[in-house]
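The values are calculated or read from the model by the stated rules, or taken from the named source; none is laboratory data. This one's a predicted model, so the numbers in the text were calculated from it and none came from an experiment. Because the Cβ atoms are built from the backbone with ideal geometry, glycine has one as well, and the counts that use them run over all protein chains shown. Side chains included, ligands, DNA and RNA excluded: accessible areas come from the protein's heavy atoms. Shrake-Rupley method; radii C 1.70, N 1.55, O 1.52, S 1.80 Å.
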Amino acid sequence: QVQLVESGGGLVQPGGSLRLSCAASGSIFRIYNMAWYRQAPGKQRELVATITSDGTTNYADSVKGRFTISRENANNTVSLQMNSLEPEDTAVYYCNADVVRVVLRIRRDYWGQGTQVTVSS
């Protein structure tokens, strides 16, 4: 099995910063893209940022210049540094990874359980 475990969410004032982390563990042969998504109350889950195995990144327009995604392939981790946070960034943030398992080289998407980020004064 493969598990993704997020950490780092919480309550922060507008203009503040938070850093989310996600660690993948289990029977992992290889991880391709890793990503962060978010889902605000009453809204659909949306893509925040992606990063390929060679470090190429892509961001939603709403977070460009404020958020930075990074990864450490040796540790199977991905992080999201969030600066200049706005109330509109309030959501549950989910880690996602495109994983090839050791057994049979099965490839599929895995999701973390989500971590709450609340931006409020």
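Got a sec? Which of Val103, Val99 is of a type in the set (A, V, I, L, M), farther than 15 Å from Tyr37 by Cβ and crowded, with 21+ Cβ neighbours inside 10 Å? First the steps, then the outcome.
On the way: Val103 fails: crowded, with 21+ Cβ neighbours inside 10 Å.
Being of a type in the set (A, V, I, L, M), farther than 15 Å from Tyr37 by Cβ and crowded, with 21+ Cβ neighbours inside 10 Å holds for just one of Val103, Val99, which is Val99.
Is it true that some residue in the stretch 13-32 is at pLDDT 95 or above, open to solvent by 30 Å² or more (accessible area, probe 1.4 Å) and touching a Phe, Trp or Tyr at 6+ places or on another chain (Cβ under 7 Å)?
Among the residues of the stretch 13-32, not one is at pLDDT 95 or above, open to solvent by 30 Å² or more (accessible area, probe 1.4 Å) and touching a Phe, Trp or Tyr at 6+ places or on another chain (Cβ under 7 Å), which makes the answer no.
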